[in-house]
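What follows is a set of notes on a single structure, which appears directly below.
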Amino acid sequence: MRKPFVAGNWKMNKTVEQASLLVADLLPGLQAIQKIERVLCPPFPSLMVISQMIAGTDIGLGAQNMHWEESGAFTGEVAPAMVKEFCDYVIVGHSERRQFFAETDQTVNAKVKAALKMGLTPIVCVGETITENEAGRTAEIVQREVLEGLKDLSSEDAVKLVIAYEPIWAIGTGKAATSQQAEDIIGKIVRGSLADRFGSESAEQIRILYGGSVKGSNAAEFFGMPDIDGALVGGASLKADEFIQICQAAQGSIK
Ligand code: PGA
């Protein structure tokens, strides 16, 4: 049984003060939801304060990015050990990082390895652009991102990570994929590639999320699909009631 997983990717939103207010709003609702893994991924400056606010709860904290090197002359970067001081999770290879900050399958792979070595759970993002989608290249792109991003990993390590399939055309557009479209790619391509690479027993253990315009009103539909184990939520994670509703939908999907 894969435990449902919902993560909120706040992106570059909320000052520390605003972040604290949002967490205060989220806490009662999130604490009432017990059976799913729920993770907040605020910007770096808020990690310390939020880690204190959620101490003693089972709510998880994640960073949105990190460097793969341990330390050194990498101005503006944050090392795995610095993330680990506050977090148990880290988002790796989000499409915005790939698009605006030159992340490649190789840097994603280096970060995944560094995260696992540090005992962090990587949330590895994959997904195709609208052009790739319209050209019928979705399967090829997603498979490549999964296999290259997880290159050289053992099955033992692979089962520890979480993958998020986020079609880029669905991110922040309000135009989510249909639950069937998401299930087809997640089940056949993502889990299928994982099964080919790590064996079906391992592939069955790996949580795979859908991301892209998930909100309170459409979440249950995604979670009802057999291969979709949760969601990576952007815009709707900035509103306490929406994010709580999504987590409740995930809890409601447990059979
Ligand atoms: P969205 O973003 O929910 O605002 O579409 C999802 C993401 O980028 O992770």
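Please treat every number below as a calculation from the coordinates, not as lab data. Keep in mind that this is a model prediction, so the values were computed, not measured. Positions of Cβ are backbone-derived with ideal geometry, glycine not excepted, and every protein chain shown enters the neighbour counts.
Listed values, structure above:
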quantity: Top positive-direction residue, dipole computed over the chain with Cβ charges, set Met12, Leu116, Ile59; calculated: Ile59
quantity: Gyration tensor (alpha-carbon) shape descriptor, segment 150-255, a/c threshold 1.5; calculated: prolate
quantity: Dipole magnitude of segment 147-255 about its Cα centre (Cβ charges: Lys, Arg +1; Asp, Glu -1), debye to nearest 20; calculated: 260
quantity: Segment 52-106 shape via C-alpha gyration tensor axes, a/c threshold 1.5; calculated: oblate
quantity: Radius of gyration and Dmax over the Cα atoms of the chain, both given in Å; calculated: 16.8, 50
quantity: Dipole-positive endmost among Leu47, Val159, Ile244 within the chain (Cβ charges, Cα centre); calculated: Ile244
quantity: Kyte-Doolittle mean at least -1.0 and Cα axial length at least 20 Å: DSSP H helices in the chain; calculated: 16-31
